[in-house]
Amino acid sequence: MPRLNEFNQSIGDPILQWTPRQAPTPTTLQGQFCRLEPINAKRHGPDLFAALSTAPDDRDWTYLFSEPFATMGALMAYLESIQTSRDPLFFAIVDSKTQTAVGYLTLMRVDPNSGVVEVGNVYYSPLLQRTPAATEVQYMLMKHVFETLGYRRFEWKCDSFNAPSRSAALRLGFTFEGIFRQAVIYKSRSRDTAWFSIIDSEWPVIKAALETWLSEDNFEPDGTQCMSLVDIRQRLVSRIPTGLPTARQ
């Protein structure tokens, strides 16, 4: 039952000890398969251009706000323009084996007062797509947001037509919240935006599932997964207590 105020109106849960959180700052997050580094044009530009050049066509850019980078100069100019930004805050994704940048993404639309942040501007080159590192990137970012920064809500938004992005959000454990119609104009077209989120009380189960999926025991010698992330989470959901402290505690 919802709480009622003195006017018999339903109101939300009390937030008694909340304090505004720190905004994300440039930092390095180290994982098993990859790491996230503050993006730097000179350090990451050549690797990123080589990585994006492995794509057979430009379909990966259809739902991104930026256009494909046809030349190294165009990419370098873009990276130089965003490397000092703090919202969005850009990270390069560096493969642990090759020590080369294979993609990038951001934390954006930061709201420290309410503890809300979005992951966005996600570009995974073919060298990163469908690899354990692609999942580990999101795990590291979620852990940073919920456990280091102490945020309450982690958002994922995409073009409603972007089926791969929507499937990825659901696989990772985000909850679909609905469609914002005609929310954005980009690339001379209208975008209906699909909204997804994870909140702090959901993080313990999602964390346990991601860590189980990423463990060495979950992969065959040829790299094939033993159990899917969705199956692991479904098995855990009835057994893992949501015991991490949340903003409401």
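Take the residues in region 191-223 that are part of a strand (DSSP E or B) and touching a Lys or Arg at 6+ places or on another chain (Cβ under 9 Å); name whichever of them is surrounded by the fewest Cβ atoms within 10 Å (Cβ to Cβ).
ASP192
Of the residues screened, ALA183 is not one that is outside any strand (DSSP E or B), more than 19 Å from ASP58 (Cα to Cα) and touching a strand residue (DSSP E or B) at 6+ places or on another chain (Cβ under 7 Å).
The set of residues from region 90-106 being among the hydrophobic types (A, V, I, L, M, F, W, C) and either over 20 Å from LEU48 (Cα atoms) or in contact with an Asp or Glu (Cβ under 7 Å, 6 or more places away or on another chain) (or both) comprises PHE91, ALA92, VAL94, ALA101, VAL102. Select from region 172-186 the residues that are surrounded by 15 or more Cβ atoms within 10 Å (Cβ to Cβ) and more than 25 Å from VAL145 (Cα to Cα) and list them in ascending order. Correct list: ALA183 only. The requirement of being at pLDDT 95 or above, touching a Cys at 6+ places or on another chain (Cβ under 9 Å) and surrounded by 13 or more Cβ atoms within 10 Å (Cβ to Cβ) is satisfied by ALA169. Pairing each residue of region 123-134 that is in contact (Cβ under 8 Å) with a residue 24 or more places away in the chain and closer than 13 Å to LEU105 by Cβ with any residue that is polar (S, T, N, Q) and in a loop (DSSP other than H, G, I, E, B), provided the two are 6+ apart or on different chains, yields C-beta distances under 8 Å for SER125/THR54; ALA133/SER96.
The values are calculated or read from the model by the stated rules, or taken from the named source; none is laboratory data. Computed from a predicted model, the values in this text were never measured in an experiment. Cβ: placed from backbone, ideal geometry, glycine included. Neighbour counts: every protein chain shown.
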